[in-house]
1. Tally Lys and Arg at +1 and Asp and Glu at -1 over the other residues with C-beta under 13 Å from the C-beta of G142: what net charge comes out?
2. Each label point is 7 Å from the Cα along the Cα-to-Cβ direction; what then is the distance between the points at E128 and R192, in nm?
3. In percent, how large is the relative contact order of the chain, given Cα pairs closer than 8 Å and 6 or more residues apart?
4. Suppose the chain between D156 and Q45 were pulled fully straight at 0.36 nm per residue; how much longer would it get relative to their current alpha carbon spacing?
5. Cα axis of helix 71-85 to longest principal axis of the chain: angle in degrees, 0 to 90, nearest 10?
6. With all protein chains present, how much of the accessible area of the chain (probe radius 1.4 Å) comes from carbon and sulfur, to the nearest whole percent?
7. Taking K and R as +1 and D and E as -1, what net charge do the other residues with C-beta under 11 Å from the C-beta of E62 add up to?
8. Highest mean first, how do 160-171, 205-216 rank when packing is the count of other Cβ atoms within 10 Å averaged over residues?
Amino acid sequence: MKIALMDSGIGLLAATAAVRRLRPDADLVLSLDPAGMPWGPRTPQDVTRRAVAVAEAAAAYEPDALIVGCNTATVHALSTLRDLLEPGIPVIGTVPAIKPAAAGGGPVAIWATPATTGSAYQKNLIREFASGVQVTEVPCRGLAEAVECADQTAVDEAIRAAAELTPEEVATVVLGCTHYELVAERIGAAVRRPGRPLPVLCGSARAVAAQALRRIGAAPDPEAGDEGTVTVLLNGQEGPLPAPALSYAEGRLLRTVSPAG
């Protein structure tokens, strides 16, 4: 089994680690765009163009499925990628976990990039899955960028600023950018209020990994045998896992990089 994941940077680590935990025997291909990151500020057309290039680099390794480990790329490029690669390679997008968050009854806060916060895309998800639930959209300025370069001081500052915008009564926080799942514990600590239960944090990584397995007819098997290989593609060329990735548990899980063949 071979699963490919794509993103501009290390935001794909959360979904990659989730795949590794569900199927440690799967070979992994991680396709990144260091020359073009971040994708967030780019136009939809530019995001799509770069996403296609990254996806085609991964597809050359003939994976059984491709996970788009990025909310921005999912919004702008998912349909194009599916037209390009399916049915040969199933393509799985990443959508903020608003539906399961709203199922708890709220109040809900959605932490997302400034570009996503207030967007028609996010508003439609709220309208479809969280109608009748109190929802606060929280723009997390600079958080994804700080996580990407492992600037821990900037991470703490961005989390603190977003926590100040998060209502005290919030019961669930949606981590609406894949980068945020890499610092979920720090987000949880920041939104905890004295005398109140710790808000539930809802990310997408595990659900996306499980969906990828379903699409290829494979069952989760955390006890599967030998650990699968990991290949990292940097603008289509095999290379090392970016150094900031090793600042996170999800990256250290993939420390050993070897060809997928």
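The values are calculated or read from the model by the stated rules, or taken from the named source; none is laboratory data. Small disclaimer: the values here were computed from a predicted structure and weren't measured. All Cβ positions, even for glycine, are placed from backbone atoms using ideal geometry, and neighbour counts span all protein chains on display. Please note that ligands, DNA and RNA were not included when accessible areas were found on the heavy atoms of the full protein model with its side chains. Shrake-Rupley method; radii C 1.70, N 1.55, O 1.52, S 1.80 Å.
1. Numbers: positive: R141, R160; negative: E145, E148, D151, D156, E157.
Spelling it out: positives minus negatives among the neighbours equals -3.
2. 3.5
3. On the way: 537 pairs, mean separation 72.8, N = 261.
Rounded, it is 28 percent for the chain.
4. Additional length available on full extension: 36.7 nm.
5. 30
6. Details: 5830 of 11250 Å².
Reported share for carbon and sulfur atoms: 52 percent.
7. Taking every Cβ under 11 Å from that of E62, the sum is -1.
8. In descending order of packing, they fall as 205-216, 160-171.
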